Amino acid sequence: MPELPEVETIVRGLHGAVTGRRIAEVRVEIPSVVHSDLPGDFAALLQGESIEGVTRRAKFIVMRLGSGRSLVTHLRMTGRLIVEDEPAEDAYARVRLRFEEGGWLRFSDVRRFGRMRLAVDGAWAEGLGCEPLDSAFTSEALRGLLRGRRTPIKSLLLDQRLVAGVGNIYACEALYQAKIHPKRRAGGLSKERVGRLHTALVRVLESAIEMRGTSVDDYVDAEGLRGGFQNMLAVYGREGLSCFRCHAPIKRVTLAQRGTFYCPRCQR
DNA sequence: AGGCGTACCTGAGGGC
DNA sequence: TGCCCTCAGGTACGCC
């Protein structure tokens, strides 16, 4: 479910809420969603660790632990991390952490796609592409990544090895803002178009963070609150509705097995 | 190398 | 009501 802006919102909430706390108890409800890089039991290894801080890399939530290890969570489609005073009733709770200072962290996930991993080093992040909100992500850098690629631009935006953190909603929205057709060959984009795409990506992601993410269906942040960017979507989920710019009906096609929304008149 | 299909899961919503 | 189909914010893996 969550893309970069949603994960960033969760991370900011978690950072304030759990930094400095110590894990007193670990309850693993569904063992298949946890993994430990070290031999031994996930819960036993995690118990007693303190949380030094919470950061984001791509769509991963990284809790830095006192031992130097990290607890790395990926929410995939429907995962949630919720901070609460008491453990709430939840049929989809997968992992619960109780803190020595009081309070709980609940990892909940209807579809069991999400994962929690106890990592000893940075190997889990190998192969991830650049952070679109990092200063190193320039229009020139994006042009370099797209050069020579014959794939449709939308497919490349979803490829975490190139640009990390963009998902289906924001890929659609950025291409709309940049007035670029999602099926256009990535390597064939002019310098000017890449510039527009770069600007659009950064703007869309930054505004979505400002609005605390997009709640189309079930996304909520660490406090259980919905985001606000769903009211700003120009194309995603708007099939048949009229384009805000030119009033042509928004089209939906399938590209790289994903629903893809665009305006057939103003995206070229 | 890159692109495609499929798998992983569960639930919601539409058509009949 | 209920059955069956499609779709969902993501990624990994195997196959050409």
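Every number here is computed from the coordinates shown, using simple stated rules; none is lab data. None of the values given here were measured: they were computed from a predicted structure. When we count neighbours, we look across all protein chains shown, and the Cβ atoms used for this are built from the backbone with ideal geometry, even at glycine.
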Subject >> Qualifying positions in the stretch A:29-49 - buried (at least 18 other Cβ atoms within 10 Å of the Cβ) and over 15 Å from residue A:74 (Cα atoms) >> reply: A:42, A:43, A:45, A:46, A:49
**OP:** Find all pairs meeting these conditions: Cβ atoms under 7 angstrom apart; at least six residues apart or on different chains; first residue within the stretch A:172-186 and touching a residue at least 40 places away in the same chain (Cβ under 8 Å); second residue polar (S, T, N, Q) and within 16 Å of DNA strand B (Cβ to nearest atom).
**Re:** A:172/A:260; A:182/A:260; A:186/A:151
Original post:
Residue check: is residue A:105 part of a loop (DSSP other than H, G, I, E, B) and not hydroxyl-bearing (Ser, Thr, Tyr)?
Top reply: no
**OP:** Consider residue A:203 carefully, then state whether it is under 30 Å from residue A:144 (Cα atoms), within 16 Å of DNA strand B (Cβ to nearest atom) and of a type outside the set (Val, Ile, Thr).
**Re:** no
Original post:
Any chance the stretch A:184-197 includes a residue that's surrounded by fewer than 21 Cβ atoms within 10 Å (Cβ to Cβ) and closer than 15 Å to residue A:158 by Cα?
Top reply: yes
**OP:** Just name the residue that is nearest to residue A:75 (Cα to Cα) out of those in the stretch A:149-167 that are basic (Lys, Arg) and touching a strand residue (DSSP E or B) at 6+ places or on another chain (Cβ under 9 Å).
**Re:** A:154
**OP:** Count, please, the residues in the stretch A:51-65 that happen to be of a type outside the set (A, V, I, L, M, F, W, C) and crowded, with 19+ Cβ neighbours inside 10 Å.
**Re:** 2
Subject >> Test: residue in the stretch A:89-96 that is under 18 Å from residue A:18 (Cβ atoms), of a type in the set (Phe, Trp, Tyr) and within 16 Å of DNA strand C (Cβ to nearest atom) >> reply: no
**OP:** Identify the residue in the stretch A:165-181 that is surrounded by fewer than 22 Cβ atoms within 10 Å (Cβ to Cβ) and within 16 Å of DNA strand B (Cβ to nearest atom) and, among all such residues, is farthest from residue A:250 (Cα to Cα).
**Re:** A:167
Original post:
Tally time: how many residues in the stretch A:110-131 are within 11 Å of DNA strand C (Cβ to nearest atom) and either part of a strand (DSSP E or B) or touching an Asp or Glu at 6+ places or on another chain (Cβ under 7 Å) (or both)?
Top reply: 2
Subject >> Cβ pairs under 7 Å, 6+ apart, first in the stretch A:136-157 and over 20 Å from residue A:260 (Cβ atoms) and of a type in the set (Gly, Ala, Ser), second more than 16 Å from DNA strand C (Cβ to nearest atom) and in a helix (DSSP H, G or I) >> reply: A:139/A:194; A:139/A:195; A:139/A:198; A:148/A:187
Original post:
What is the residue count in the stretch A:67-92 for residues that are more than 16 Å from the chain's Cα centre (by Cα) and within 20 Å of residue A:123 (Cβ to Cβ)?
Top reply: 5
Original post:
So which of A:218, A:159 is within 13 Å of DNA strand C (Cβ to nearest atom), of a type in the set (Asp, Glu) and closer than 17 Å to residue A:129 by Cβ?
Top reply: A:159
